């Protein structure tokens with residue numbers, strides 16, 4: 001398993017000073033364009049949650065869609081997009097969260113999940129945890145059960161995991177930087 005993780009990590013491109021000076025951006029496009037690496041990522045994340053009853057996978061816009069949809073297919077679960085404001089056509093729940101400079105908001109349809117449904121949240125990256133924490137709160141607003149959160153990458157220095165541990169103890173990240 002360790003070699004698998006190393007192989008995937010080698011496919012992630014580091015882009016220095018993007019989107020601003022001093023930031024090292026972890027570019028997943030070089031990993032997901034490779035069919036075998038993409039398969040490895042999906043298989044790994046699905047394996048981590050194989051013993052969890054999952055009714056729906058909620059993918060956070062937009063890169064959570066990349067991993068969430070094939071995982072939902074493979075795990076025989078429904079897929080629900082968690083979107084930026086005014087992107088969903090029906091009635092929504094909204095949840096705001098703090099950014100470095102200001103706030104942002106994500107939404108989910110009010111009828112996305114039913115009372116007691118088991119929901120797994122998927123995204124590409126865990127940084128400060130603000131977006132994922134907001135997604136957790138949205139799942140809970142619907143009356144559904146949050147059964148876990150999965151990421152391809154976790155930036156450990158930003159300590160986002162600590163914020164999410166208040167929501168669930170089932171947090172998985174394939175790659176840690």
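Where a number appears in this text, it was derived from the coordinates with a stated rule and is not lab data. What you see is a predicted model, and the numbers here were worked out from it, not measured in a lab. Reconstructed Cβ throughout: ideal geometry from the backbone, glycine too, with neighbour counts over all protein chains shown.
Some notes on this structure:
- Rounded to two decimals, the Cα-based Rg/Rh of the range 35-107, with Kirkwood Rh, is 1.05.
- Taking the range 51-176 and dividing mean pair separation by its residue count, relative contact order in percent (alpha carbons under 8 Å, at least six apart): 24 percent
- Counting only DSSP beta bridges whose two residues both lie in the chain, roughly 35 percent are antiparallel.
- Ranked by how many other beta carbons lie within 10 Å on average, peptides 154-162, 68-76 from highest: 68-76, 154-162
- With both labels modelled 7 Å from their Cα along Cα-to-Cβ, the residue 43 to residue 61 distance reads 3.3 nm.
- Hydrodynamic radius of the chain per Kirkwood, over alpha carbon pairs, in Å: 16.4 Å
- Difference of contour (0.36 nm per residue) and Cα-Cα distance, residue 84 to residue 18: 21.5 nm
- The listed peptides 140-148, 56-64, ordered by packing as a protection proxy, come out as 56-64, 140-148 (highest mean of other Cβ atoms within 10 Å first).
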